[in-house]
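J.: Starting off with a structure, shown below.
The values are calculated or read from the model by the stated rules, or taken from the named source; none is laboratory data. Quick caveat, the model's predicted, so the values are computed rather than measured. Positions of Cβ are generated from backbone atoms using ideal geometry, with glycine treated the same way; all protein chains shown enter the neighbour counts.
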Amino acid sequence: MMTDAGSLAMPQRTVPHAVQETSPPVVSNTRLAMLVVIAAESMLFAGLIGTYLVFRLSRTWPPPDLPRLPLALTAANSILLFASLVPMTRALRAVRRDDRATLVRALELTALMGAFFLVVQGFEWVRLVRHGLTLGGSMYGATFYVLIGCHAAHVLAAVVWLTVTAFLARRGAFRATRHGALEMCGIYWYFVCALWVILFPLVYVY
């Protein structure tokens, strides 16, 4: 190709646009999935609490011929559950600084405290059943066992998750740059403890 000055012009090459680096998402996929699970579980408990309130506000509550719930024992057990947030938080901080020893101890302590919470609840239910408060005996018993039992099932699932997570942590599965599964476990544990903040005063106190 000739230019106006009569010289040859070099053909121009099309330079592809530089590939732009994609920034990481604001919320990771695992965290987003956990938020969806928590939202679904929250709707479940909202329905159960609504049902409990409908029956509670429409009749004498609790019925005079049924045993009262053990407030003092459950209050002490609740303090234990809330205290388990301390080692859980320590575990999350430990993994960020690659402190495996503290991480394992904190996870095992959290799981142990959660298991003890369930054991105390189990003894409480055995005593209530012996005194006549059964699942099928009255609406008072039915709503109590369904609502509190559903929470206990979630605590049990969280304790199992914590136990597996502690086992994996002992094997060195988590690092400061790779601990998404541990973080999701911590979020779920915070969730079951937050639920008890609502359920304990609603069922046992008021």
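J.: Out of (1) surrounded by 13 or more Cβ atoms within 10 Å (Cβ to Cβ); (2) touching a residue at least 60 places away in the same chain (Cβ under 8 Å), what's the single condition that is false for Arg97?
T.: (1)
Every residue, every condition in (1) part of a helix (DSSP H, G or I); (2) modelled with pLDDT of 95 or more; (3) surrounded by 13 or more Cβ atoms within 10 Å (Cβ to Cβ); (4) touching a strand residue (DSSP E or B) at 6+ places or on another chain (Cβ under 7 Å), yes or no:
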site	(1), (2), (3), (4)
Val19	no, no, no, no
Ile38	yes, no, yes, no
Pro62	no, no, yes, no
Ile79	yes, yes, no, no
Ala91	yes, yes, yes, no
Ala111	yes, yes, yes, no
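J.: Going through Thr165, Thr143 one at a time, which residue ends up being in a helix (DSSP H, G or I), polar (S, T, N, Q), touching a helix residue (DSSP H, G or I) at 6+ places or on another chain (Cβ under 9 Å) and more than 14 Å from Thr110 (Cβ to Cβ)? Step through it out loud before you land on a result.
T.: Details: Thr165 fails: more than 14 Å from Thr110 (Cβ to Cβ).
It is Thr143.
J.: Within the stretch 182-206, take every residue that is in a helix (DSSP H, G or I) and of a type outside the set (A, V, I, L, M, F, W, C) and give me the one that is nearest to the chain's Cα centre (by Cα).
T.: Pass one, the stretch 182-206, residues in a helix (DSSP H, G or I): 182-205.
After this cut, where a residue has to be of a type outside the set (A, V, I, L, M, F, W, C) as well, the list is 183, 186, 188, 190, 201, 204.
Numbers: Glu183: 10, Gly186: 7, Tyr188: 2, Tyr190: 5, Pro201: 20, Tyr204: 22 Å.
Residue satisfying both the conditions and the ranking: Tyr188.
J.: Right, Thr74: within 21 Å of the chain's Cα centre (by Cα) and within 20 Å of Gly132 (Cβ to Cβ) or not? Walk me through it before giving the result.
T.: Working: within 21 Å of the chain's Cα centre (by Cα): yes; within 20 Å of Gly132 (Cβ to Cβ): yes.
Yes, satisfied.
J.: If Arg178 meets every condition in (1) touching a helix residue (DSSP H, G or I) at 6+ places or on another chain (Cβ under 8 Å); (2) farther than 23 Å from Leu48 by Cα apart from one, which number is that one?
T.: The number of the failed condition is (1).
J.: Which of the residues spanning the stretch 113-151 are under 19 Å from the mean Cα position of the chain (by Cα), free of Cβ contacts under 8 Å to residues at least 40 places away in the same chain and buried (at least 18 other Cβ atoms within 10 Å of the Cβ)?
T.: Met113
J.: Looking at the stretch 40-60 only, could you name the residues that are part of a loop (DSSP other than H, G, I, E, B) and in contact (Cβ under 8 Å) with a residue 40 or more places away in the chain? Don't jump to the end; show me each part of the working.
T.: Let us first name the residues in the stretch 40-60 that are part of a loop (DSSP other than H, G, I, E, B), namely 58-60.
Listed by number, the list holds a single entry, Arg59.
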